[in-house]
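One structure below.
The numbers here are math on the coordinates, done by the rules we state, and not lab data. Since the structure is predicted, the reported quantities are computational estimates derived from the model, not experimental observations. Cβ: placed from backbone, ideal geometry, glycine included. Neighbour counts: every protein chain shown.
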Amino acid sequence: MTTVDHWQLPDGVEEVLPPRAEVVERLRRQLLDLYRSWGYRLVIPPLMEFSESLLVGLGEDLDLLTFRMTDQLSGRSLGIRADITPQVARIDAHSLAEPGTTRLCYAGSTLHTLPKTLLASRSPIQVGAELYGDDSPAADVEIVRLMLETLEVAEVRGVTLDLGHVGVYEAVLAAAELDEGLERTVFDALQRKSVPDLEAALAGVTAQTAQMIIALAGLHGDDAVLARARELYAGFAPEALQALDALTELAAELRRSRPQLDIYFDLAELRGYHYHTGLVFAAYAPGHGQALANGGRYNDVGQVFGRARPATGFATDLKALVALMAAAEQPPGAISMPDADDPQLAAEVDRLRACGEIVINCLSGSPDPRCDRELVETDDGWEVREL
């Protein structure tokens, strides 16, 4: 007979225990307050929806990450959200359907069938912000700045901002005129930045076309990358220059308020390519190999919900942010109160709790281990004394 350890959790699924849970909750509140101060309104989408609403228009990657089940009421397929972004797009397009610019934010648990990376959680707590109805560079700047402030609130230091634009890849591939099968092979190799695989895949095309595509794999680094890309693609794929201009302007605008910001350009960054339509960005911290936050522009994502709108936004995982935060200081102590029916005692306890103190009823006769003080009765009422 197989022995089952009933206390075990699935791989990649973890519980958050005190005091770490308190840190997660405090950070969640701080971030939502930050977004509110910028004009972003909180929405709370449901944990599950009909699968087609969660997945439509967002590519195969999200499809593979989504848990499915059958709805016992309707018989239709339900999905447990793996990403809150499409839910917020539905809310903007259908539930709210407001004119003009709409700013929304959220925080909630998601669930993945597989971890996105080797060490990633399968149950991240996703928090983020989305801006709808504005297609201007200023909207992208606002979202990136808000993402950077998010990391500052989470005490993340030494952030590197990774910037890309899917318009560069799209222009180069359009000029190359590859067939569909070869384009998929090239896309896969570029995601891995594998030059040998690119060379093998492009053996049958002209030397210039192969050179222009393979060059994308090496176009990552500082500002000089943008200048090299202009030289390469001015004649072969001139439509790419507009995307390069957008990246140049965005970097300049961000540096006006953050002159020390470390910006890294990656013109072969294709994360979310199947739904991103322009700028893509990610934030990295020293010693942490995976992006802590990422986002981009995904115009017309609401079209499937009946209302195509410009959109830009970002998301991060609270658990990942808290894991990088410095160890919490010694948690505050608590006050032990006797289990007594005394109106004066009850009033004093209410006063202390209203002031932010933790007051714990001493039910067993022994104070809770967290207590470093106690309420003691005196001639004048009740006072707090050291234990």
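Remark: C-alpha extents of segment 69-203 on the principal axes read 50, 44, 37 Å, sorted largest to smallest. Fewest-first ordering of TRP38, TRP382, TRP7 by other beta carbons within 10 Å of each residue's beta carbon gives TRP7, TRP38, TRP382. DSSP beta bridges in the chain, what fraction antiparallel, as a percent rounded to 5? Of those bridges, close to 80 percent are antiparallel.
Contact order for segment 53-146, expressed relative to its length and based on alpha carbon pairs under 8 Å spaced 6+ residues apart, stands at 24 percent.
In this calculation the C-beta distance from VAL195 to GLU386 is compared with R0 = 45 Å, giving a FRET efficiency of 0.10.
Looking at the square roots a ≥ b ≥ c of the eigenvalues of the Cα gyration tensor of segment 158-285, which shape do they give, rounded for a/c under 1.5, prolate if a/b is larger than b/c, or oblate? Since a/c reaches 1.5 and a/b is larger than b/c, the shape of segment 158-285 is classed as prolate. By other beta-carbon atoms within 10 Å, ranking THR113, THR209 with the fewest at the front produces THR113, THR209. You can think of it this way: the chain between SER37 and GLU149 has 39.1 nm of extra reach, that is 0.36 nm per residue less the Cα-Cα gap. So what's the angle, to the nearest 10 degrees on a 0 to 90 scale, between helix 224-236 and the longest Cα principal axis of the chain? Roughly 40 degrees between the two axes. Identify, among THR66, VAL304, MET147, the residue whose Cα sits farthest towards the positive end of the charge dipole of the chain, taking +1 on the Cβ of Lys and Arg and -1 on the Cβ of Asp and Glu, with the dipole about the Cα centre. The Cα lying farthest towards the positive end belongs to VAL304. Extension gain, GLU25-PHE67: 0.36 nm per intervening residue step, less the Cα-Cα distance, totals 12.6 nm. Based on DSSP, what percent of beta bridges with both residues in segment 158-285 are antiparallel, to the nearest 5? Antiparallel bridges: around 65 percent, rounded to the nearest 5. Across the chain, C-alpha contacts under 8 Å between residues 6 or more apart give a mean separation that, scaled by the residue count, equals a relative contact order of 17 percent.
Using the Cα gyration tensor of segment 1-124, with a ≥ b ≥ c the square roots of its eigenvalues, what is the shape: rounded (a/c below 1.5), prolate (a/b larger than b/c) or oblate (neither)? Each step should come with its number before you reach the end.
Details: a/c = 2.27, a/b = 1.24, b/c = 1.83.
Verdict is oblate for segment 1-124.
Since only PRO238, THR206, ALA175 are under comparison, the one whose Cα sits farthest along the positive direction of the charge dipole of segment 158-285, derived from C-beta charges on Lys, Arg, Asp and Glu, is PRO238. Rounded to the nearest 10 degrees, the angle from helix 343-354 to the longest Cα principal axis of the chain is 20 degrees.
Each peptide among 178-189, 84-95, 132-143 gets the average number of other Cβ atoms lying within 10 Å of its residues, and from highest to lowest they stand as 84-95, 132-143, 178-189. Summed over qualifying helices (DSSP H, 4 residues or more, each -39500 (n - 2.57)) and divided by its residue number, the chain shows a 222 nm mean residue ellipticity of -11500 deg cm²/dmol.
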